[in-house]
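In what follows, a single structure is set out as structure tokens and then discussed.
Each reported figure results from applying straightforward, stated rules to the coordinates on display, with no laboratory input. Since the structure is predicted, the reported quantities are computational estimates derived from the model, not experimental observations. Heads up, the Cβs are rebuilt from the backbone with ideal geometry, glycines too, and the neighbour counts pull from every protein chain shown.
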Amino acid sequence: MAADITPLSDVRFLTVAEVAAIMRVSKMTVYRLVHSGELEAIRVGRSFRVPEQAVTDYLREAFVASE
């Protein structure tokens, strides 16, 4: 296994509600990010689960430093 790949058993998945709370946005905003492809997620039945690292990566990329 490659060194940069996290074993699936070590991945922490978050619900849409948990992601919304972390990002302090509405659940609808999280759904929009998922459907647009901006935020990685997997579908489990009728709901989505978002890898915690995907949230971290999204926030890091979206960060805008003030001047």
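A few remarks follow.
- The Cβ shell under 13 Å around F13 holds other residues with a net charge of -1, Lys and Arg each +1, Asp and Glu each -1.
- Look at the alpha carbon pairs under 8 Å that are at least 6 residues apart: their mean separation over the length of the chain gives a relative contact order of 31 percent.
- Extending 7 Å from Cα along the Cβ direction at D4 and again at V44 yields two label points whose distance is 2.7 nm.
- Charged-residue dipole, Cβ positions (Lys, Arg, Asp, Glu), the chain about Cα centre, Debye nearest 20: 460 debye
- Loop sites in segment 27-67: chymotrypsin sites (Phe, Trp or Tyr not before Pro), DSSP, at most 12 other Cβ within 10 Å: F63
- Values of log10 I(q)/I(0), in the order q = 0.18, 0.20 Å⁻¹, for segment 10-62 under a Debye, Cα-only, solvent-free model: -0.49, -0.61
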